Amino acid sequence: MTADRPYGEVTEAFVDALRAAVGAEHVRLDEEARVSYGADMLKKGHPADVVVWPATTDEVAAVLRACSAHRVPVVPRGAGTGYTGGAVPSLGGVVLALSRMNRILEVDEQNLLAVAEPHVITGDLQKAVEAVGLFYPPDPASLSTSTIGGNVAECAGGPRAFKYGVTKRYVLGLEAVLPSGEIIHTGGKSVKNVVGYDLTQLLVGSEGTLAVITKIIVRLVPLPPHQVTLRATFATIQGAVDAVTNLIRARVVPSALELIDGDSLDAVATNLGTRALAPEGTGAVLLLEVDGLEATVQEEGRRVAQACRDAGATEVLVAEDAVTRQELWHVRRSLSLSLKVLAPLKINHDVVVPKGRIPELFALVERLRAASPGVRIPCFGHVGDGNIHVNMMLDPSDAVAMAAARAAERELFAGVVALEGSISGEHGIGFSKMPFVPLELSRVEIDLQRRVKAAFDPLNILNPGKMFPDAGNLKFEI
Ligand SMILES: Cc1cc2nc3c(=O)[nH]c(=O)nc-3n(C[C@H](O)[C@H](O)[C@H](O)COP(=O)(O)OP(=O)(O)OC[C@H]3O[C@@H](n4cnc5c(N)ncnc54)[C@H](O)[C@@H]3O)c2cc1C
């Protein structure tokens, strides 16, 4: 341990302690494992020193006790689909891969809840509860690969958040292991609980920096019996934004309300070879869903279509059959990965503003486009929440474009804060957004959060080098 690296080395004695904790066959030090667990979808990072796969809460606790005793950093990891480097071992150390903890333990139809281990894939949890007529609404576009533990740790959102809210609204209770190895339970199976501070909500969105989540109790709601998906095309972004304003004025709350701009539509069409979302030359698309009882869905669907036509929609398609609906949503979920056809590097930001300020956010993006040579800025996202994915696409070997993108992202973040918004609506801070946190939080607020971190993790071994603007000496350039 030294002043610039206040951590212990990964010694043979430490690795033996890990082997004793999880079994020798579940500890890997080979390069393939170390490298593949060294990055997430941000595609930037540093190899782990060692990767371990615990199977139970007690094994997680034993790993954390060993890390505490030897002062070695440890990073919890779900599916590694995060976009901000959250699961990356920024300071080296252990990656705690939770993939063996993947069971749905209970679907309780009486109490409208489910209990799951952290590595249950979110889409699998949804299918399991839908099989008995229940519904787990949070639907990140990554739902076929990301885990419920990762979703809780990031407080994931998705298209349905407009009507149903994001992950935090569905977490009733957690089992978690502190960095010391102590096991805690927060919240529980009852829907009301006001004893003490709300540690459940503190852990939701804590990005694996406070505790390792080992069990999750989620609230369920009845599965809406009927759904209709509508696709409205517009000549311009402004038309789509006007339609959103009309909808809000008409007091309709669709279960999903997504906006996709022309650049994103072209990218997904090229990547998937389908124009299912819009014909060539479309400026913007709104993808909407209404759900509920059939009569309500019919009436709301009519109002949504009218709101879009009043805003100048060039076409409104109403899809009631499951195949067309699934095709539309499949294409929507493929947007993020499809942008790669535009340029090799994506700098992906999930900024959010109050709904009423969406036109100002798009005006800001338009200014950034004009001022950023060599950078394309396709946008799409959860417009009902004011949460827009602003993607800066460029060739990283183009120094002018790179400098323009870096200037544009700072201006974007400063702009959304000035619009009373936030620099991240769902992807979190990880390490990639650390430098921008002071644009949004004051020194007092950051210090308070740092004291919360120290209360959970006095040795700063759990996912260090994340969230805080001066989080330590990372092993790579941000
Ligand atoms: C194509 C694509 C689409 C996406 N769409 C969305 C979207 O619509 N909405 C959205 O919100 N996000 C989206 N994401 C981002 C990502 O999927 C989410 O952040 C997701 O919640 C991460 O889950 P994961 O299992 O991959 O977690 P990881 O990436 O493995 O980890 C994410 C963070 O959670 C921590 N963590 C993981 N498991 C635990 C645990 N058990 N205990 C404590 N900490 C833990 C990690 O340390 C890390 O900080 C998308 C990503 C991709 C690639």
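The values are calculated or read from the model by the stated rules, or taken from the named source; none is laboratory data. Everything numeric here is computed off the predicted structure, so don't read it as measured data. Every residue, glycine among them, receives a Cβ derived from its backbone with ideal geometry; neighbour counts consider all protein chains shown. The accessibility values were calculated without ligands, DNA or RNA, using every heavy atom of the protein model including side chains. Shrake-Rupley method; radii C 1.70, N 1.55, O 1.52, S 1.80 Å.
Key figures for this structure:
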{"item": "Residue pairs meeting the criteria (Cβ under 9 Å; at least 6 apart or on separate chains; first at positive phi, in region 96-125; second crowded, with 21+ Cβ neighbours inside 10 Å)", "result": "Leu112/Leu220"}
{"item": "Conditions (1) part of a strand (DSSP E or B); (2) touching a residue at least 24 places away in the same chain (Cβ under 8 Å): number failed by Pro89", "result": "(1)"}
{"item": "Sole residue being of a type in the set (A, V, I, L, M, F, W, C) and away from the ligand (no atom under 16 Å from the Cβ), chosen from Val383, Val318, Val351", "result": "Val318"}
{"item": "Which numbered condition Ile183 misses (of (1) closer than 30 Å to Val72 by Cα; (2) open to solvent by 20 Å² or more (accessible area, probe 1.4 Å); (3) within 11 Å of the ligand (Cβ to nearest atom))", "result": "(3)"}
{"item": "Condition broken by Ile213, with the remaining ones in (1) open to solvent by 20 Å² or more (accessible area, probe 1.4 Å); (2) near the ligand (Cβ under 8 Å from one of its atoms); (3) hydrophobic (A, V, I, L, M, F, W, C) satisfied", "result": "(1)"}
{"item": "Top-ranked residue of region 402-429 - restricted to ones that are within 18 Å of Lys43 (Cβ to Cβ) and either among the charged types (D, E, K, R) or in a helix (DSSP H, G or I) (or both), ranked as farthest from the chain's Cα centre (by Cα)", "result": "Met402"}
{"item": "Flag for Arg325 being among the basic types (Lys, Arg) and farther than 23 Å from Ala156 by Cβ", "result": "no"}
{"item": "Test result for Val152, more than 10 Å from the ligand (Cβ to nearest atom), closer than 20 Å to Arg103 by Cβ and touching a strand residue (DSSP E or B) at 6+ places or on another chain (Cβ under 7 Å)", "result": "no"}
{"item": "Qualifying strands (runs of 3 or more DSSP E) (wholly inside region 221-308; at least 2 residues being hydroxyl-bearing (Ser, Thr, Tyr))", "result": "226-234"}
{"item": "Among residues of region 3-41, those that are assigned to a loop (DSSP other than H, G, I, E, B), closer than 21 Å to Lys466 by Cβ and either without any contact (Cβ under 8 Å) to a residue 24 or more places away in the chain or open to solvent by 50 Å² or more (accessible area, probe 1.4 Å) (or both), counted", "result": "6"}
{"item": "Evaluation of Val218 against (1) more than 11 Å from Pro137 (Cα to Cα); (2) open to solvent by less than 10 Å² (accessible area, probe 1.4 Å) (one fails), failing number", "result": "(1)"}
{"item": "Lone unmet requirement of (1) touching a strand residue (DSSP E or B) at 6+ places or on another chain (Cβ under 8 Å); (2) within 16 Å of the ligand (Cβ to nearest atom); (3) on the phi < 0 side of the Ramachandran plot for Leu412", "result": "(2)"}
{"item": "Pairs where the first residue, in region 396-412, is farther than 16 Å from Asn348 by Cβ and the second is surrounded by fewer than 16 Cβ atoms within 10 Å (Cβ to Cβ), C-beta under 6 Å, 6+ apart", "result": "Ala404/Pro373"}
{"item": "Residues of region 263-292 classified as within 23 Å of Met392 (Cα to Cα), out of contact with any Cys (no Cβ under 9 Å at 6 or more places or on another chain), among the small types (Gly, Ala, Ser) and in contact (Cβ under 8 Å) with a residue 60 or more places away in the chain, total", "result": "1"}
{"item": "Residues of region 415-464 classified as in contact with a helix residue (DSSP H, G or I) (Cβ under 6 Å, 6 or more places away or on another chain) and loosely packed, with under 15 Cβ neighbours inside 10 Å, total", "result": "0"}
{"item": "Tally of residues being crowded, with 24+ Cβ neighbours inside 10 Å, of a type outside the set (Gly, Ala, Ser) and within 9 Å of the ligand (Cβ to nearest atom) across region 66-94", "result": "6"}
{"item": "Region 134-174 - residue that is surrounded by fewer than 21 Cβ atoms within 10 Å (Cβ to Cβ) and of a type in the set (D, E, K, R) and, of those, nearest to Leu257 (Cα to Cα)", "result": "Lys163"}
{"item": "Condition check for Ala62: in contact with a helix residue (DSSP H, G or I) (Cβ under 8 Å, 6 or more places away or on another chain), more than 19 Å from Arg34 (Cα to Cα) and open to solvent by 20 Å² or more (accessible area, probe 1.4 Å)", "result": "yes"}
